[in-house]
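The values are calculated or read from the model by the stated rules, or taken from the named source; none is laboratory data. Predicted model, so just to flag it, every value in this text is computed and none were measured. Ideal geometry is used to build each Cβ from the backbone, glycine not excepted, and the neighbour counts take in all protein chains shown. Keep in mind that these areas ignore ligands, DNA and RNA; they rest on the heavy atoms of the full protein, side chains included. Shrake-Rupley method; radii C 1.70, N 1.55, O 1.52, S 1.80 Å.
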Amino acid sequence: MMDKPQKEDPTDNKMTDSEKNSGKQQPLTACLLSAAFFGALGSSFLYGYNLSVVNAPALYIKAFYNKTWIERYGQPIGAETATLFWSITVSIFAIGGLLGALSVSVILKIIGRKGTLLLNNSFAVIAALLLSLGEMAKSFEMLIIGRFIIGVDSGIALSALPMYLGEISPRHIRGFIGQFNSILICLGVFTGQVLGLPELLGQESRWNYLFSFLALPALLQLCVLPFLPESPRYLLMERRDEAGAERAFQRFLGKKDVSQELEEVHAEARAQDNLHTVSVLQLLKNPAVRWQLITIIIVMACYQLCGLNAIWYYTNGILREAGFAENLLPYITLSTGAIETLAAIISGLVIERIGRKPLLIFGFSAMAVFFSLLTVFLTFQDRVSWMPYLSFICILAVIASFCSGPGGIPFVLTGEVFEQSYRPAAFMIAGIVNWLANFAVGLLFPFIQETLQSFAFLVFVVVCILGSIYLYFVLPETKNKTFMEISQSFAKINKIPVPSPGHEMELVLSAKSDMNGKVQDVAKMESSF
């Protein structure tokens, strides 16, 4: 029984070569799709939901703060104090995210990718309880602490989920599976907008149920994910569990013979200088991954600094200028969430045909163009009656451009450009950059907008153009490449010798001989019985 895969090796290798040439690969399995969807549902979906969910009940939450303050101190809350509490409620989400990103490397090392996602659900459930029961307990502190905890949840999720998806996916659909992260973020934003409508939960008597909803995706993930496999790369390279890795590959790929995949991981392990998970300091010092690290830092910074978050400051104002009634604004704003979700889905469907690099460059370049047009339209908005409509079209175009590539591919790239031992530290650094940049935009943009008025978006035009130029000259395409091949693409710019084809073959054959040796040992044990 154990010898059968060895007899089929030549056929499998032939099939792999022909598949690589023809582009026809193994079909998607239910196991892989379930892991991608439910993994993202309890992780990135919650992140997206929390980006939009506080907008609808903002007035009711502020009224609750004032009511609680009067009950405690016998007088209304001061305007400055109210503004401070609301600013803390909104911004503490990013501080929690930063803490989550700082801690994720250690958690991933101890309990693995799937274990981290499962543990993270406890933060979501605790946050849901605090946020939904705060009004009943007459404690606005519970809301602030709940926002902080759900921020920690999001910080962990945005590192653990892309890593898990990247490691369980075959290379020919790694980008597609990785884009589930982006699609569910956008779907979360849209869901928060829909549930926040006045007819649903956006009422004074129901706003706390908006936060109760946080527990539902987490509980759904807890019901499904335990029955799905752990990352086979993690099992093989970090836990040395070859039998577990083989079973995981078999379930994710839907085939019995996974010797080719196991050999690829063994070859990657042999090519690495260090099989142990490296620290952040070791990653920063290592010249062999210097340009990978610079690339991820720049891409993640551009992800937050490209101006999408600033768009929301203008949307409602532009719609009012266009003459839309105030009670219609929430429904028209739904179009932004719908465009986000649609663009993310289209990006996921085309990423394996077009590639990561073209989608990123197109996305940032298109954003620069539409931000420039938006600046022109905003400047003349008061002079021409139909100009606000063009401004709103530009806003939708900016959102679509962002979600076509820059909105999800940075997370896919972080998992692709680093080999196994560097990946947890790399995601930790990427997460820190992401959350610090997020916090910086929220803190600084109101001042930039006050100083530059409608010209504020020109700052983001510069960021998008510089990001596109860097990506054009530095980033290699990672589509349909193994992690070893991607590392070799960076070897030249890192001034590291590229392994010769003979050396690569030696690594693969060495890995294969190890596997054959283990198979023979098992066969001897079986024959002795």
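Observations on the structure shown:
- Residue that is over 30 Å from N327 (Cβ atoms), touching a residue at least 24 places away in the same chain (Cβ under 8 Å), of a type in the set (F, W, Y) and crowded, with 24+ Cβ neighbours inside 10 Å, where the choices are F176, F180, F249: F180
- Condition met for S87 (modelled with pLDDT under 90, among the hydroxyl-bearing types (S, T, Y) and farther than 29 Å from H276 by Cα): yes
- If you check V289, V278, V299 for being outside any helix (DSSP H, G or I), aliphatic (A, V, I, L, M) and crowded, with 17+ Cβ neighbours inside 10 Å, only one passes: V278.
- Taken together, the residues in region 320-353 that are among the charged types (D, E, K, R) and part of a loop (DSSP other than H, G, I, E, B) amount to 0.
- Residues that are within 10 Å of the chain's Cα centre (by Cα) and either over 20 Å from C403 (Cα atoms) or of a type in the set (D, E, K, R) (or both), drawn from region 164-206: none
- Qualifying residue in region 472-490 (condition: open to solvent by 20 Å² or more (accessible area, probe 1.4 Å), of a type in the set (A, V, I, L, M) and either over 26 Å from the mean Cα position of the chain (by Cα) or more than 20 Å from L360 (Cβ to Cβ) (or both)): yes
- Residue identified as among the hydrophobic types (A, V, I, L, M, F, W, C), surrounded by fewer than 17 Cβ atoms within 10 Å (Cβ to Cβ) and at pLDDT 90 or above among V462, V384, V398: V462
- Region 223-240, subset in contact with a Lys or Arg (Cβ under 6 Å, 6 or more places away or on another chain) and not acidic (D, E), residue nearest to S34 (Cα to Cα): P229
- The number of residues in region 368-394 being touching a residue at least 24 places away in the same chain (Cβ under 8 Å) and touching a Leu at 6+ places or on another chain (Cβ under 7 Å) comes to 4.
- Of the helices (runs of 4 or more DSSP H) lying entirely inside region 126-222, the ones with 1 or more residues being of a type in the set (D, E) and in contact with a Lys or Arg (Cβ under 6 Å, 6 or more places away or on another chain) are found at 140-168.
- Selection of first residues in region 37-48 that are closer than 16 Å to G151 by Cα and of second residues that are open to solvent by 10 Å² or more (accessible area, probe 1.4 Å) and of a type outside the set (A, V, I, L, M, F, W, C), restricted to Cβ pairs under 8 Å at least 6 apart or on distinct chains, gives the following pairs, ordered by first then second residue: F45/T191; G48/T191.
- The listed residues are I107, I111, and the only one of them that is open to solvent by less than 40 Å² (accessible area, probe 1.4 Å) and without any contact (Cβ under 8 Å) to a residue 60 or more places away in the chain turns out to be I107.
- Scanning region 122-134 turns up no residue that is open to solvent by 40 Å² or more (accessible area, probe 1.4 Å) and in contact with a Ser or Thr (Cβ under 6 Å, 6 or more places away or on another chain).
- Counting only helices (runs of 4 or more DSSP H) that sit wholly inside region 354-439, those with at least 3 residues that are more than 18 Å from the chain's Cα centre (by Cα) are 356-379, 387-403.
- Filtered residue count, region 341-365, keeping only those that are open to solvent by 10 Å² or more (accessible area, probe 1.4 Å) and of a type outside the set (S, T, Y): 14
- Number of positions in region 38-67 that are outside any loop (DSSP other than H, G, I, E, B), among the hydrophobic types (A, V, I, L, M, F, W, C) and under 23 Å from V152 (Cβ atoms): 8
- The residues in region 199-220 that are open to solvent by 60 Å² or more (accessible area, probe 1.4 Å), at pLDDT below 95 and not polar (S, T, N, Q) can be counted, and the count is 5.
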